1. Out of Q176, Q200, I need the residue that is part of a strand (DSSP E or B), more than 16 Å from I103 (Cα to Cα) and in the same structural domain as D130 (by TED's automatic domain parsing). Which one?
2. What are the residues in the stretch 109-157 that are touching a helix residue (DSSP H, G or I) at 6+ places or on another chain (Cβ under 8 Å), touching a residue at least 12 places away in the same chain (Cβ under 8 Å) and exposed (fewer than 14 other Cβ atoms within 10 Å of the Cβ), if any?
3. Can you name every residue in the stretch 45-54 that is assigned to a helix (DSSP H, G or I), closer than 18 Å to S174 by Cβ and in contact with a helix residue (DSSP H, G or I) (Cβ under 6 Å, 6 or more places away or on another chain)?
4. Go through the stretch 55-92 and give me each residue that's part of a helix (DSSP H, G or I) and of a type in the set (K, R).
5. Considering each of I5, I33 in turn, give the residue that is part of a strand (DSSP E or B) and either surrounded by fewer than 18 Cβ atoms within 10 Å (Cβ to Cβ) or hydrophobic (A, V, I, L, M, F, W, C) (or both).
6. Please state which of the following conditions S188 fails to meet, knowing it meets all the rest: (1) touching a helix residue (DSSP H, G or I) at 6+ places or on another chain (Cβ under 6 Å); (2) under 23 Å from E38 (Cβ atoms); (3) in a helix (DSSP H, G or I).
7. L25 - would you say it is more than 20 Å from G171 (Cα to Cα), surrounded by fewer than 21 Cβ atoms within 10 Å (Cβ to Cβ) and either over 19 Å from the mean Cα position of the chain (by Cα) or modelled with pLDDT under 95 (or both)?
Amino acid sequence: MIEGILFDMDGVVVDNLPYHVDAWLLFCEKKGIPLTRETFYKELNGMNSKDTFEWFFKRQMTREEVHPLEEEKEEIYREFYAPFRKPLEGLVEFLKEIRSSGIKVALATSAGQGNIDFTIDGIGLRDQFDVIVGGAEVTKGKPDPEIYLLAAQKLGVNPANCWVIEDSLQGIKSGQSAGCKVVGITTSHTKEELAHTQIQAPNFVGLFEKIQNHN
């Protein structure tokens, strides 16, 4: 029985990770912080901004310290990605299928409110999510399960009866630790790298049938 499907946003709802990485690389170059694309995907993809900045600066930081840095980086990202916003292939039809089956839908993303609005309103799908949980609503970022547990709680469903749809290693660990089954979307990692998930898929085309068949 599937009660809920919990979506990550970046790299899942939209294939925007390359634009985020480009923004991080430019931000870090300006700040004199060493960062490579490979390091980002291996170590940082899926983390919230606070944890990412603490990783960069090797110390704990307050939200007041993080906020202006986060805004500076996100302005770069939004400028890069704005002309290319679109749902991942098959997403719109997938949402129609699951909602018509009575399955509840949540977005559970490490992103801040500005990027949630920019993305979800930009692709016109806000009304497709029963619940939206952002990084500001949790005290522990992915890979901690808090965000997916909170999303399931807000939907009023049992996490064990939910599927999480993720692309990052940190996010997959978060979903699994919450007790959910996980679909690994291969926008950030290869199918082989995501082999520890129940299903691996490049996008949402035909995905609902795969999830139903798995149960």
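The values are calculated or read from the model by the stated rules, or taken from the named source; none is laboratory data. What you are looking at is a predicted structure, and each value in this text was computed from that prediction instead of being measured. So basically every Cβ, Gly included, is an ideal-geometry build from the backbone, and we count neighbours across all protein chains shown.
1. Q200
2. If the condition is that a residue be touching a helix residue (DSSP H, G or I) at 6+ places or on another chain (Cβ under 8 Å), touching a residue at least 12 places away in the same chain (Cβ under 8 Å) and exposed (fewer than 14 other Cβ atoms within 10 Å of the Cβ), then Q113 is the only one that fits.
3. S49, K50, T52
4. The answer is R63, K73, R78.
5. Values: I33 fails: part of a strand (DSSP E or B).
From the options I5, I33, the qualifying one is I5.
6. All conditions pass for S188, except number (3).
7. Details: more than 20 Å from G171 (Cα to Cα): yes; surrounded by fewer than 21 Cβ atoms within 10 Å (Cβ to Cβ): yes; either over 19 Å from the mean Cα position of the chain (by Cα) or modelled with pLDDT under 95 (or both): yes.
Considered against the rule, which asks whether it is more than 20 Å from G171 (Cα to Cα), surrounded by fewer than 21 Cβ atoms within 10 Å (Cβ to Cβ) and either over 19 Å from the mean Cα position of the chain (by Cα) or modelled with pLDDT under 95 (or both), L25 comes out as yes.
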